[in-house]
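This report refers to the structure that appears directly beneath it.
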Amino acid sequence: YSGVDVETGTIDVKDFAPSLMSLSDILNETARLLGYDFEVSLRIKSTSRGSFEVDLIVMAKDFFEKLIDFFGSKEYDALKKIIELLFGGSASLYGLFKLFKKLRGKKPKAINFDSDRNITVFVLDDESVETFQGVEKLYQSPEIRENAKKFLKPLEKEGLNSIKIKTEMEEELVLEKKDYSSFEMPEEFLSESVETKHFQIVQLSFKEENKWKLSDGTNTFFVRMSDKNFLAKVQNNQEGFFKDSILKVKLKTYQKRIGAKLETEYEVLEVLEHKKPSDELRLIFESS
């Protein structure tokens, strides 16, 4: 970790502890994805002054209690595989983080498998990144991505500028504030449509960028209100809202896939009419 906040060789435990815990979660999720049924422990060995460096020890849970039976067992071989996969150099976790940094949230053009060399090749626009086979499972895991974001969360602070990952082969990867979004699941646009509909207001917001909650009589959902003229009237107290108020709007619906998850978003492009309960009563009395 580098930045003004760690120039003295110290770091706030509120920033550091969740970051390390997320790395521990990455280890255990890796074991699960690879089909191993034991927990992995992550421990701090020592610290050194400067940009705050930490050596980490990876071991199976209850390692010392099982030390005699451990060597030569399937758990030992599995743990060795995990350590190789995560910390073995440019084709390991270092390579995965490097891959995320290069992709910046975009999908690779192709994922190819080289069985002879036991590697997976991620094809980008103008280059490729090689990883151990198995890293593709980590790349596609929402849990791995979420914990990777938590690992980088200290970078949201002003006093921390970067996190450097260094392997025993002296390879270095520097992750900066701008790389935080690289660990989001890649989005794939599916469809969009525009239609005119009526909604009742369930919850409104007077803050910019906050979403309104509307109901079509059957379903309730949040929408982004983008009609600037209507919002200006709301801010200037030219629009009043009552229970059972109805908005006739031009609604835009977006559908996208984030990883394996389907998401739908709604946006009010224009408020065509605002019907208040008093308006309806007045029309009834005027027609009688």
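Would you call TYR266 within 17 Å of GLN203 (Cβ to Cβ), modelled with pLDDT of 80 or more and either open to solvent by 40 Å² or more (accessible area, probe 1.4 Å) or assigned to a loop (DSSP other than H, G, I, E, B) (or both)? In short, yes.
All of GLU172, GLU136 fail the test of being out of contact with any helix residue (DSSP H, G or I) (no Cβ under 6 Å at 6 or more places or on another chain) and within 25 Å of ASP12 (Cβ to Cβ), apart from GLU172.
Looking at the range 219-233, is at least one residue within 30 Å of ARG145 (Cα to Cα), modelled with pLDDT of 90 or more, in contact with a Lys or Arg (Cβ under 9 Å, 6 or more places away or on another chain) and of a type in the set (Lys, Arg)? Taking every residue of the range 219-233 in turn, at least one turns out to be within 30 Å of ARG145 (Cα to Cα), modelled with pLDDT of 90 or more, in contact with a Lys or Arg (Cβ under 9 Å, 6 or more places away or on another chain) and of a type in the set (Lys, Arg). Would it be correct to say that LYS109 is at pLDDT 85 or above and touching a Ser or Thr at 6+ places or on another chain (Cβ under 9 Å)? Judged against the criteria, LYS109 is not a match. Selection of the range 216-254 for residues being assigned to a strand (DSSP E or B) and either at positive phi or exposed (fewer than 14 other Cβ atoms within 10 Å of the Cβ) (or both) yields only THR220.
May I ask you to verify whether VAL121 is more than 13 Å from SER19 (Cα to Cα), touching a Pro at 6+ places or on another chain (Cβ under 9 Å) and part of a strand (DSSP E or B)? Answer is no for this residue. Annotation: of all residues in the range 181-204 being touching a Phe, Trp or Tyr at 6+ places or on another chain (Cβ under 8 Å), under 17 Å from SER226 (Cα atoms) and of a type outside the set (S, T, N, Q), the one that is most open to solvent (accessible area, probe 1.4 Å) is GLU192. Scan the range 222-236 for residues that are in contact with a Phe, Trp or Tyr (Cβ under 8 Å, 6 or more places away or on another chain) and farther than 20 Å from THR253 by Cβ and the total you get is 2. The set of residues in the range 1-20 that are of a type in the set (A, V, I, L, M), without any contact (Cβ under 8 Å) to a residue 24 or more places away in the chain and either closer than 22 Å to ARG145 by Cα or buried (at least 19 other Cβ atoms within 10 Å of the Cβ) (or both) contains only ALA17. The set of residues from the range 108-123 being open to solvent by 50 Å² or more (accessible area, probe 1.4 Å) and within 15 Å of LEU96 (Cβ to Cβ) comprises just one member, ILE111.
Return the only residue of LYS150, LYS157, LYS177, LYS207 being open to solvent by 60 Å² or more (accessible area, probe 1.4 Å), under 20 Å from the mean Cα position of the chain (by Cα) and more than 22 Å from LEU99 (Cα to Cα). Residue meeting the stated conditions: LYS157.
Of these, ARG145, ARG104, which one is modelled with pLDDT of 80 or more and open to solvent by 20 Å² or more (accessible area, probe 1.4 Å)? So the residue among ARG145, ARG104 that is modelled with pLDDT of 80 or more and open to solvent by 20 Å² or more (accessible area, probe 1.4 Å) is ARG104.
The values are calculated or read from the model by the stated rules, or taken from the named source; none is laboratory data. Model, not experiment: these values are computed from the prediction. Counting neighbours? That spans all protein chains shown, and the Cβs are built from the backbone with ideal geometry, glycine included. Only protein heavy atoms, including side chains, enter the accessible area calculation; ligands, DNA and RNA are left aside. Shrake-Rupley method; radii C 1.70, N 1.55, O 1.52, S 1.80 Å.
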